[in-house]
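Reading through the structure tokens given below for one structure.
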Amino acid sequence: QLSLFRFTVKRPFSTSHSSVDSKEMKKFQLLAHKWWDEEGEYAALHSMNDIRVPFIRDTLLSMSSNYHLGNPLSGIKILDVGCGGGLLSEPLGRLGASVTGIDPVEDNIRTADRHKSFDPVLAKRIQYKSSSLEEIVEESMETFDVIVASEVVEHVADLETFIRCCSQVLKPEGSLFITTINKTQLSYVLGIVVAEKIMGIVPEGTHEWEKFVPPEELEHLLESNGFSVKTVNGMLYNPLLGSWSWVESTSLNYAVHAVKSGAWAQSHTADTPPQTDIQQRSATAGTAG
Amino acid sequence: QFRAMAALRGLRAPLTARLRAGPRAPLRSTASAPPLYDVVVSGGGMVGSAMAAVLGHDIHFHDKKIALLEAGPRKEYSHMPDSYSNRVSSISPGSATLLSSCGAWDHVCSLRLKPFQRMQVWDACSEAMIVFEKDDLDDMGYIVENDVIMSALTKQLDAVADRVEVFYRSKAVGYTWPLPSHSCDTSPWVQVELADGRRLQTKLLIGADGHNSMVRKEAEIKNIEHQYDQSAVVATLYLSEATNNNVAWQRFLPTGPIALLPLSDTASSLVWSTSHDHAAELLAMDEESFVDSINSAFWSNINHSDFIDTAGAMFRSAISLLKPSGTAVRQLPPSVAKVDPESRAMFPLGMGHATEYVQHRVALIGDAAHRVHPLAGQGVNLGFGDIACLAHHLSAAAFNGSDLGSLKHLLKFETERQRHNVSLIAATDVLKRLYSTTLVPLVLLRTWGLQATNALPPLKVRI
């Protein structure tokens, strides 16, 4: 759920290219205890499970030949990056997966741990850790079958580092699922102004339009870092019904499924043209509403 | 901003009202915690047992833990007695499909049941009659003894004993409700306390404990109820002569409807709804008088008045002008020769409807949610319909990894079933009241109504 934040003095060493942002951290700390109120601040995330869980589940089932419908994700190791209070980890755990949920905000991990503790099945299947993605890379090289980064990349300081780390901890041909928000005029009006300031669908200040990620940029970063993008789907939230649905247009929210290529050599660095990047950013900045 | 949000939340179902602030479930360390089930069904009658069996056979519940609590002892149904039981149900084709889905219908068919293809319903105060029949002469329904259904369900529960644990002689004496999930320091599950002191926890409690449902009362769900001033007399009857007994008969007497439901070519089951006094008389009288009363109830025209008869005949001619095939052939009900001596019994009738079928982690099904007059033969079919709907939603929720006790899908079940049930319960209630009178205008109304309904295919099909 959350993004990766730069830790403060506690850590003896911090990578220079961290994807963590300390301002983001503070925002989520205040709401740490609100995660599991289905009608509260995180209601939209709870109802997002109705489409993102089937998306992950069905994609994985379609790639597998050996599963039981009573325990469809059994045997699959999933990393939930920015797991927050565990809203997505728990359903994935219930479907049989072994889930590791990481989040830099300790209060979130505490909430998540407490919530899963009442269900002995979940307590065994899910492990939570207060950590950033970079911090687990060394001990988790090529460990996970699946990574889910839902509503995370729009909070990340350095998206390319983030993607690279994902690649490192994923097994070859492992799947990466991302849901995030596009950077368009529409997403500014609806995603920030309406959602945060007017309707309170999202707690105010959660998002910064500057950090929204257009699907083209995300796809490009993924493809240049050893991933093959398989699916991009638009998502739409209906505030009156409180429910999400799949739509053609990716101008607001969207989901991506990418697969790490089997033959990718870890040392190969992508030549991302920084020029075009800056040009892109200033162009879109000009149209910011 | 907050006002807008609050207004918006108000537009949607006010869920906060459903999240109880009852006695808190204390936090226990996992070491001493009572066993946790995914679903506990309270009540092991036909509906409760079917609910547990259907979930137990659902593929998405393969790895889940289900418990069924039944206050009574386990009944052995190893062989059916030769005589018929006096408690029977009219099973609709939809209910038969549900029982098929958990493998129970095959057992029912191999034990005993009576399909019927026709239902004739008529008035005691006029010649008006309505006949229900499927165009292709398919089975309209089946008359099955309740014991036969229980035997079939018990077998199917045994077949999934690794998932469904049946607790016999286990009456639930107390329920403790959880606070809504975000207050993390108390147990989020429903606590169930049994009479012998054992405790269970569950993510979802399904109340199938009958019209005096304790689950409903403890959940403080308001129930709209009404005792009819009627009791139903049941008995097993033997016919004067063997016949192709494939019609269900019902005649509306001023005192209440009398129904003859086929059990075999020589036997039928009686369900006679009448005043408490008359019911007591029927039970007390000797067997011959009892049989005479039944035959008289079906055959006598004592309640006809010339006026009504003429009015009815005129209406019928009018219909036959417009729609020549509009009036059906009147068949004659069989006459009864004998009653099975031990089989006479009576029970009081009432109507009930719970204002809510669900709350956080609680769902009501069957008579716990709704109680109807037997005149429509729908009682247990409504319960089986509840099961089909709830099982569908729970199965989808399980496959989505959702919390089974979440109101989100429970409310969908409630909406679908209330929409279906309320109109049927209301219609049954109206019919019951309409037919409880000899007042000429109302008799005329229902006479014409019945005849018109009989003549109009679309209306009949809907029923």
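Observations, loosely collected:
- Other protein chain Cβ atoms within 10 Å, averaged over every residue that makes up A:116-123: 4
- Label zone at residue B:331, where the point sits 7 Å out along the Cα-to-Cβ direction: region B:360-379 residues whose backbone N lies under 19 Å: B:376-377
- Taking amide H as placed 1.01 Å from N in the peptide plane, the amide H of residue B:239 sits under 5 Å from that of B:267, B:268, B:337, each at least 5 places away or on another chain.
- Taking 0.36 nm per residue of sequence separation and removing the Cα-Cα distance, the residue B:289/residue B:246 pair yields an extension gain of 12.9 nm.
- Test item: B:392-402 mean partner chain Cβ contacts at 10 Å: 5
- Cα-only radius of gyration and Dmax that characterise region B:407-447, units Å: 16.2, 50
- Separation of region A:108-150 and region B:225-298, taken as the distance between their Cα centroids, equals 66 angstrom.
- Per-residue mean of foreign Cβ neighbours for A:34-46 is 4 (Cβ atoms of other chains, 10 Å radius).
- Semi-axis lengths (Å, descending) of the ellipsoid that matches the C-alpha gyration tensor of region B:176-306: 48, 18, 14
- Normalised size of region A:22-260, defined as Cα radius of gyration per 2.2 N^0.38 Å with N residues, equals 0.95.
- Residue order, fewest to most surrounding Cβ atoms within 10 angstrom, among B:382, B:55: B:382, B:55
- For region B:37-140: Kirkwood Rh in Å [reciprocal of mean 1/r, alpha carbons]: 16.9 Å
- For region A:22-260, the Cβ-based charge dipole about the Cα centre amounts to some 520 debye (Lys, Arg positive; Asp, Glu negative; other atoms uncharged).
- Put in order of Cβ neighbour count within 10 Å, fewest first, the listed residues A:139, B:356, B:287 become A:139, B:287, B:356.
- Point-to-point label distance, residue A:246-residue B:75, nm (Cα→Cβ direction, 7 Å offset): 4.9 nm
- Contour excess over end-to-end distance, with Cα ends at residue B:313 and residue B:87 and 0.36 nm allotted per residue: 77.6 nm
- When all alpha carbon pairs of region A:81-125 are counted in 5 Å bins from zero, the resulting P(r) reads 6, 27, 35, 23, 8, 1 %.
- Calculated FRET efficiency for the pair residue B:185/residue A:123, C-beta based, R₀ 22 Å, to 0.05: 0.85
- Order of B:420, B:393, A:220, A:115 under a 10 Å beta carbon neighbour criterion, fewest first: B:420, A:220, B:393, A:115
- Distances between placed amide hydrogens fall under 5 Å for residue A:127 paired with A:99, A:100, A:101, all partners being 5 or more residues away or on another chain.
- Estimated inter-spin distance, residue B:162 and residue A:197, nm [label 7 Å along Cα→Cβ]: 5.9 nm
- For the residue pairs B:64/B:203; B:75/B:155; B:155/B:203; A:27/A:197; A:124/A:260; A:116/B:203, the C-alpha atoms sit more than 19 angstrom apart in B:155/B:203; A:124/A:260.
- The alpha carbons of region B:340-405 occupy a box of 54, 26, 20 Å along the principal axes, longest dimension given first.
- Low-density loop cleavage sites - GluC sites (Glu not before Pro) in region B:76-175, where at most 13 other Cβ are within 10 Å (DSSP): B:76
- Extension gain from residue A:71 to residue A:143, taking 0.36 nm per residue of separation minus the Cα-Cα distance: 23.8 nm
- Spin-label pair residue B:320/residue A:210, simplified geometry with 7 Å Cα→Cβ offset, distance in nm: 9.0 nm
Values quoted throughout were computed directly from the atomic coordinates according to the rules given, and no laboratory measurement underlies them. As the structure is a prediction and not an experimental result, all values here were calculated from the model. Please note: Cβ atoms are built from the backbone with ideal geometry, for glycine as well, and neighbour counts cover all protein chains shown.
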